[in-house]
Amino acid sequence: GPGQADMYAGLQELGVANGEDLKETLTNCTEPLKAIEQFQTENGVLLPSLQYALPFLDLHGTPRLEFHQSVFDELREKLLERVSAIALEGKVEERYKKLEDLLEKSFSLVKMPSIQPVVMCVMKHLPKVPEKKLKLVMADKDLYKACAVEVKRQIWQDNQALFGDEVSPLLKQYILEKENILFSNDISFLQNFFSPSPKTRRQGEVVQKLTQMIGKNVKLYDMVLQFLRTLFLRTRNVHYCTLRAELLMSLHDLEISEICTVDPCHKFTWCLDACIREKFVDNKRARELQGFLDGVKKGQEQVLGDLSMILCDPFAINTLALSTIRHLQDLVGQDTLPRESPDLLLLLRMLSLGQGAWDMIDSQVFKEPKMEAELITRFLPLLMSFVVDDHTFTVDQKLPSEEKGPIPYPSAIPEAFTKFLQENRIACEIGLYYILHITKQRNKNAFLRLLPALVETFSDLAFSDIFLHLLTGNLTLLSDEFALEEFCTSLFDGFFLTACSRKENVHRHVLRLLLHLHHKVAPAKLESLQKALEPTKQSGEAVKELYSQLSEKLELRKPSPAEVTETPSMELPLPTVPTPASR
């Protein structure tokens, strides 16, 4: 059959007899048994001692094939070991010459399943497999599949399209994994999207596979970066920026200097990585990062495009924004203005660079975005005034009240704050992080005061997945407030529901939150929310699935009519214990 022919492919070219030759011999001979014996002698294993051993094995019923197969397997193992040894011994030119000769002799047998591993092993150890052989491998799907990654790299580096086909499913998988975390049903303020350390993230399957595919090959590394830039431009998806940084740091972990020394972002990324690990930019590292930014020389401005992509990584933005909020609080205590704090100005500079990444790479104009003075002279002092309002209110609460009665919490939002959140990207980012900060502090008053400003924000940032993921997590700290009609109306009607119908992702996040907290929500409110959140024909699978999960939970909570009417016959009233289903 055709399988047989394949098994012995290439033997004839080497002058080794195969099944076809035996068939021919037998067809043209007068004494078949003699002919077979002669064929066995000519083509058997040439060891004098075997002349007597083989008939002995025959007596024991061991087929010749089994014997030859075991000898063959043994020899193949020895050969594989020998090839690996040749690859490490003697002068470089000589060892490669030996391997090339071996490849020349054995390549015609590459289709024989039994010999293929040897041929593959030889190629794996050759830093430059001859072009002709690579082309033959590339043209044959099965051979290409069987190749070691060392050989594939040699094929990929001159075939960007083929490499793209290999990388593309990994990049899709990576984005999907990120989105699954953002939409995960586990909501917690302790564990969120930003919890895993950089080192842990780099152990992820996709980063590890890409690292393995690239090896030490700068050309392949550059190709992957080019893919990431192109995809970031096409989709504006910031997770590609995360992967850009993770890949570089994964190669850094393996000490692949061939690549790290030629990536101009290496030291900057390494320093920023340490800040991300601590979720804070300390003074010493701030100086170091500033040094890199100030050190960009004339004619090398293009590196700003790469640095901006590294700074656009959500993990970097998160670290810079958290550090900014912390600095602002410190400044309140020190009675210092934002413009007098070089550390704060540096954080803003890096936030601007990160937030400007897409525009810079798109326009190919490599210069740092101009910082708006208003951000520093008006917006940040405004945030500081909110911090002061909180201090004042807390102190007021503790003072013995005269006739004047309790002081109400300031409820008006300065118009300037709302305007900044709508018109200035950096202000919006910092404003949102301030709101996350007060939610985490369980500061309900401040939260309700600023919430209306989130309905309209710069490029709808308040409805972005990362913000909503963090907000829903922090809101679990205010879970007791969900029993209050007023709180729910502000949060749901005043914020979430304003965007649900036009933004599928917001719909999903509200359902996630309710799945987690439905047992805390006032029953009347819950009923109206269940109506408002019903999926439409246009809703995606995810929304429908979440909604049915929620409906199921709410069904379980309704007492059955029997339970309502029956009066317990026990004398002692039992304490009511919440049932597990109500969680």
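The values are calculated or read from the model by the stated rules, or taken from the named source; none is laboratory data. Here the structure is a predicted model, which is why all the values come from computation and not from measurement. Heads up, the Cβs are rebuilt from the backbone with ideal geometry, glycines too, and the neighbour counts pull from every protein chain shown. Accessible surface is based on the protein model in full, side chains and every heavy atom, while ligands, DNA and RNA are left aside. Shrake-Rupley method; radii C 1.70, N 1.55, O 1.52, S 1.80 Å.
Model label sites at residue 394 and residue 441, defined 7 Å from Cα along the beta-carbon direction, differ in position by 0.6 nm. For the pair residue 199 and residue 537, label points projected 7 Å from Cα toward Cβ lie 5.5 nm apart.
Subtracting the Cα-Cα distance of residue 234 and residue 413 from their residue separation scaled by 0.36 nm leaves 60.7 nm. Computed on protein heavy atoms with a 1.4 Å probe, the accessible areas place 246, 20 in the order 20, 246, largest first.
The range 179-243 and the range 471-511 have Cα centres lying 29 Å from one another. The calculated FRET efficiency for the pair residue 339 and residue 283, based on their C-beta separation and a Förster distance of 25 Å, comes to about 0.90.
Tell me, how many Å apart are the Cα centres for the range 279-297 and for the range 109-162? Here the answer is 45 Å between Cα centres.
Here the gap between residue 461 and residue 93, fully extended at 0.36 nm per residue and compared with their Cα-Cα distance, gives a gain of 126.5 nm. For the pair residue 33 and residue 498 in one chain, pulling the backbone fully straight at 0.36 nm per residue adds 158.2 nm over the alpha carbon distance. Taking the inverse of the mean reciprocal distance over all distinct Cα pairs, the Kirkwood hydrodynamic radius of the range 138-211 comes to 14.9 Å. Accessible area per residue (1.4 Å probe, heavy atoms of protein chains only) ranks 270, 358 as 270, 358, with the largest value leading. A Förster radius of 60 Å combined with the Cβ-Cβ distance from residue 142 to residue 558 puts the calculated FRET efficiency at roughly 0.50. Evaluated at q = 0.24 Å⁻¹, the base-10 log of the normalised Debye intensity for the range 253-346, with identical point scatterers placed on the Cα atoms, takes the values -1.32.
Show which aspartates and glutamates lie in cross-link reach of residue 525 when reach means a straight Cα distance below 17 angstrom and same-chain residues fewer than eight apart are skipped. Cross-link targets: 480, 481, 485, 486, 493, 534, 555.
Rolling a 1.4 Å probe over the protein heavy atoms gives the range 360-517 an accessible area of 45 Å² per residue.
On the beta carbon distance between residue 81 and residue 189, with R0 = 45 Å, the FRET formula returns roughly 0.20. For the listed residue pairs 98/209; 135/209; 503/558; 97/141; 199/279; 297/370, the alpha carbons are over 21 angstrom apart in 98/209; 135/209; 503/558; 97/141.
All distinct Cα pairs of the range 83-184 go into the 1/r average, and the inverse of that average, the Kirkwood radius, is 15.4 Å. Altogether, the Stokes-Einstein calculation at 25 °C and 0.890 mPa s, with the Kirkwood radius of the range 160-374 over Cα pairs as Rh, returns a diffusion coefficient of 135 µm²/s.
Per residue, the range 167-326 exposes 45 Å² of solvent-accessible protein surface, assessed with a 1.4 angstrom probe and all protein chains in place.
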